[in-house]
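Q: My questions all concern the structure below.
The values are calculated or read from the model by the stated rules, or taken from the named source; none is laboratory data. Note that the structure is a prediction, hence the values are computed from the model and not measured. Here Cβ is always computed from backbone atoms with ideal geometry, including for glycine, and neighbour counts include all displayed protein chains.
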Amino acid sequence: MKTRSPSKDTYPHWIYDNSPIPDPLGCGERAVTFLRRLKHPKSTLPRKQFQLDPWQERVVRAIYGPRNADGSRIVSTAIILVGRGNRKTSLSSALALLHTIGPERMSGGEVIFAASDRSQAGIAFKEARGIVQADPKHLAPVTKIYDAFNSAKKIAYPREGTELEVISADAPSKEGRTPSFVLADELHVWRGTDLWKVLTNGLDKIDNSLLVVATTAGRGQDGVAHEVIERARKIARGEIVDPTWLPVLFESPADVDYTSEDAWRRVNPGSAHGYPSIAGFRRHVARAKDSLTERDSLLQYKLNVWLDHSTSPFVDMATYDKGAAPVDYEALRGAPCWVGVDMSKTTDLSAVVACFRDGDTYTVLPHFFCPEADIRKRGDLDGVNYASWAKDSFITATPGNVIDNAAVADYIRSLAERFQVQEIGFDVAFAQGVMAPLVDEGYPVVTIRQGWVTQSPALNVLERAIISGNFRHSGHPVLRWNFANVAIHKDANDNRIIHKSKSTDRIDGAAATWMAVSRAAAGESNRSLYDLPNAVELLSW
């Protein structure tokens with residue numbers, strides 16, 4: 001393979017350029033030979049021979065050919081990002097058998113299929129089981145398949161004591177693993193990091209282990225999948241030099257022309273060999289022209305474009321990210337600011353956002369609060385790493401299992417010590433415990449009504465600032481996650497309100513932001529943006 005030089009392109013050109021792939025010990029050739037001897041129940045080749053197409057063969061040779069001086073494999077992690085229908089599960093299952101009954105097996109080795117849930121993990125297992133059963137003469141007699149309903153699913157090779165086993169993130173027990181091979185299937189839907197940590201730490205316990213991540217594109221930038229894919233991208237571009245990682249990234253740019261047949265074929269390597277169906281692509285494109293949902297499905301699953309969380313987003317997150325340059329908040333000390341507060345239920349995320357206005361430019365200082373108890377479990381439920389954000393001071397984890405209203409009120413007081421706080425705007429829901437003491441102490445507390453007539457004008461101001469590059473947020477990761485979760489509802493008059501894209505999403509920071517921006521836009525006159533009576537109620541001055 002050619003040495004990768006720094007580039008913006010992550011495309012695996014080496015798969016098609018016929019560049020030599022080192023194979024000093026013949027291990028790459030040995031792996032290819034083993035795979036070609038397998039059978040597949042759905043194969044159309046003579047004698048049901050496993051179909052290993054040229055692009056797949058190049059991937060196999062790149063994983064198993066290059067070796068260290070001691071003969072160990074150089075590649076320990078392979079990241080295969082490819083759209084649905086390109087037979088990545090079949091290839092991954094065959095690689096697992098290579099480590100279970102083939103020449104890459106370790107005596108007593110654990111081979112693991114891992115997925116977000118048992119159903120997904122079972123898909124790869126069925127592929128492996130089908131390959132074994134398709135060869136009743138050679139493989140079936142030397143293996144044992146355990147596939148009883150509601151029991152552990154395994155393929156055992158008693159002669160060497162190796163086992164292929166299915167596990168999932170929803171399994172009750174995952175600790176104590178020491179795998180020699182792991183297939184992490186459809187990583188983009190994994191929630192939390194527990195299973196990922198167990199498996200990667202287990203792989204590190206032994207030499208010459210291999211992790212294969214086989215996935216389509218996902219949504220958002222807050223999960224382990226995006227973190228893994230982003231590192232693979234940096235390696236593919238030559239920004240990071242790590243020969244132990246092999247990135248195979250068939251992904252399209254965000255602005256891809258989804259109607260272009262050339263674009264379809266470029267990121268679907270199987271299309272040259274009859275899969276996935278090009279006629280199916282044409283049908284999907286026809287639906288996508290009239291449906292945003294169908295378009296997102298096409299982009300994510302077939303063109304491998306990594307999308308934002310929401311299926312009906314407020315703003316394009318690439319545009320939002322233009323405001324991520326670091327902000328010197330200390331330089332704003334003493335400046336006027338307007339504060340928006342969105343309090344959660346007792347166990348969820350709460351947000352306080354301070355907004356500074358300079359003409360048409362809005363700069364926000366966000367901060368978040370959540371209960372400390374079960375913070376990791378809560379992060380797993382939401383699919384993000386609250387504990388890491390708390391460690392990095394983006395979130396204050398308050399003691400106990402409910403939000404500490406006093407901690408939120410203290411933070412707001414600290415803002416008033418640093419800046420000229422003009423107003424503290426609350427969504428009144430769940431906020432009484434924070435509002436009451438601040439009102440008693442004479443802080444400029446107001447309540448802001450929620451609904452079409454209040455949100456829509458504020459969202460127009462906020463949207464204009466984001467699109468024009470006049471919204472500065474310093475790349476705060478929790479606020480970004482909240483904005484990526486926002487979906488938009490419209491009424492008959494095209495008034496807009498924000499809501500969650502999914503029930504598990506959090507948008508508290510976005511809600512606090514529109515409130516803060518709306519009051520900053522109204523300015524020192526304290527006039528409402530909405531020109532409606534009682535949209536903003538002044539509680540204390």
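Q: Based on this model, can you work out whether residue 225 counts as in the same structural domain as residue 58 (by TED's automatic domain parsing) and modelled with pLDDT of 95 or more?
A: Judged against the criteria, residue 225 is not a match.
Q: Can you give me the number of residues within region 361-394 that are modelled with pLDDT under 85, in contact with a helix residue (DSSP H, G or I) (Cβ under 8 Å, 6 or more places away or on another chain) and more than 12 Å from residue 223 (Cα to Cα)?
A: 3
Q: For region 118-133, indicate whether the set of residues that are part of a loop (DSSP other than H, G, I, E, B), crowded, with 17+ Cβ neighbours inside 10 Å and in contact with a helix residue (DSSP H, G or I) (Cβ under 7 Å, 6 or more places away or on another chain) is non-empty.
A: The answer is no; no qualifying residue exists.
Q: Going residue by residue through region 302-312, is there one that turns out to be within 24 Å of residue 512 (Cα to Cα), touching a Lys or Arg at 6+ places or on another chain (Cβ under 8 Å) and among the hydroxyl-bearing types (Ser, Thr, Tyr)?
A: Taking every residue of region 302-312 in turn, none turns out to be within 24 Å of residue 512 (Cα to Cα), touching a Lys or Arg at 6+ places or on another chain (Cβ under 8 Å) and among the hydroxyl-bearing types (Ser, Thr, Tyr).
Q: Kindly list, by first and then second residue, each pair from a residue in region 460-483 that is within 11 Å of residue 323 (Cβ to Cβ) and acidic (Asp, Glu) to a residue that is at pLDDT 95 or above and buried (at least 20 other Cβ atoms within 10 Å of the Cβ), limited to pairs with Cβ atoms under 8 Å and residues at least 6 apart or on different chains.
A: Sorted first by the residue in region 460-483, then by its partner, the list stays empty.
Q: OK, next. Find all pairs meeting these conditions: Cβ atoms under 6 angstrom apart; at least six residues apart or on different chains; first residue within region 16-31 and in the same structural domain as residue 63 (by TED's automatic domain parsing); second residue surrounded by 14 or more Cβ atoms within 10 Å (Cβ to Cβ) and small (Gly, Ala, Ser).
A: From residues that are in the same structural domain as residue 63 (by TED's automatic domain parsing), the pairs are 21/62; 21/65; 22/65; 23/65; 28/65.
Q: Kindly provide the set of residues from region 118-158 that are basic (Lys, Arg) and within 18 Å of residue 34 (Cα to Cα), ordered by number.
A: Once the filter is applied, which keeps residues that are basic (Lys, Arg) and within 18 Å of residue 34 (Cα to Cα), region 118-158 yields 129, 137.
Q: For region 136-170, give me each residue that is within 15 Å of residue 101 (Cα to Cα) and β-branched (Val, Ile, Thr).
A: Within region 136-170, 142, 143, 145, 155, 162 qualify.
Q: Can you list the strands (runs of 3 or more DSSP E) found entirely within region 313-393 that contain at least 2 residues being over 19 Å from the mean Cα position of the chain (by Cα) and over 23 Å from residue 523 (Cβ atoms)?
A: 361-371
Q: For residue 271, state whether it is over 17 Å from residue 16 (Cα atoms) and among the polar types (S, T, N, Q).
A: no
Q: Report, by residue number, each residue of region 389-444 that is buried (at least 17 other Cβ atoms within 10 Å of the Cβ) and free of Cβ contacts under 8 Å to residues at least 24 places away in the same chain.
A: Selection gives 390 alone.
Q: Mind checking which residues of region 462-497 are in a helix (DSSP H, G or I), of a type outside the set (Lys, Arg) and more than 25 Å from residue 349 (Cα to Cα)?
A: Matches in region 462-497: 465, 467.
Q: Does region 77-95 hold any residues that are farther than 23 Å from residue 161 by Cα, among the polar types (S, T, N, Q) and buried (at least 24 other Cβ atoms within 10 Å of the Cβ), and which are they?
A: 86
Q: Residue 506: of a type in the set (D, E, K, R), closer than 15 Å to residue 357 by Cα and modelled with pLDDT of 70 or more, yes or no?
A: When the stated conditions are applied, residue 506 does not pass them.
Q: In region 436-488, which residues are touching a Pro at 6+ places or on another chain (Cβ under 9 Å), of a type outside the set (Ser, Thr, Tyr) and at positive phi?
A: Selection gives 475 alone.
Q: Please work out which one of (1) closer than 23 Å to residue 249 by Cα; (2) at pLDDT below 95 is the condition residue 168 fails and give its number.
A: So the condition that residue 168 fails would be (1).
Q: Just to be sure before I move on: is residue 315 under 28 Å from residue 414 (Cα atoms) and in contact (Cβ under 8 Å) with a residue 40 or more places away in the chain in the structure I sent?
A: Here the answer is no, as residue 315 does not meet what is asked.
Yes/no per residue for (1) part of a helix (DSSP H, G or I); (2) surrounded by 13 or more Cβ atoms within 10 Å (Cβ to Cβ); (3) touching a helix residue (DSSP H, G or I) at 6+ places or on another chain (Cβ under 8 Å):
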{"site": "231", "(1), (2), (3)": "yes, yes, no"}
{"site": "241", "(1), (2), (3)": "no, no, yes"}
{"site": "251", "(1), (2), (3)": "no, yes, yes"}
{"site": "259", "(1), (2), (3)": "no, yes, yes"}
{"site": "264", "(1), (2), (3)": "yes, yes, yes"}
{"site": "281", "(1), (2), (3)": "yes, yes, yes"}
{"site": "285", "(1), (2), (3)": "yes, yes, yes"}
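For every residue, the table says whether it meets (1) crowded, with 21+ Cβ neighbours inside 10 Å; (2) assigned to a loop (DSSP other than H, G, I, E, B); (3) free of Cβ contacts under 8 Å to residues at least 12 places away in the same chain.
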| residue | (1), (2), (3) |
| --- | --- |
| 75 | no, yes, no |
| 97 | yes, no, no |
| 145 | no, no, no |
| 155 | yes, no, no |
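Q: Right, something else. Suppose we keep only residues that are modelled with pLDDT under 85 and small (Gly, Ala, Ser) within region 1-28. Which one would you say is farthest from the chain's Cα centre (by Cα)?
A: 5
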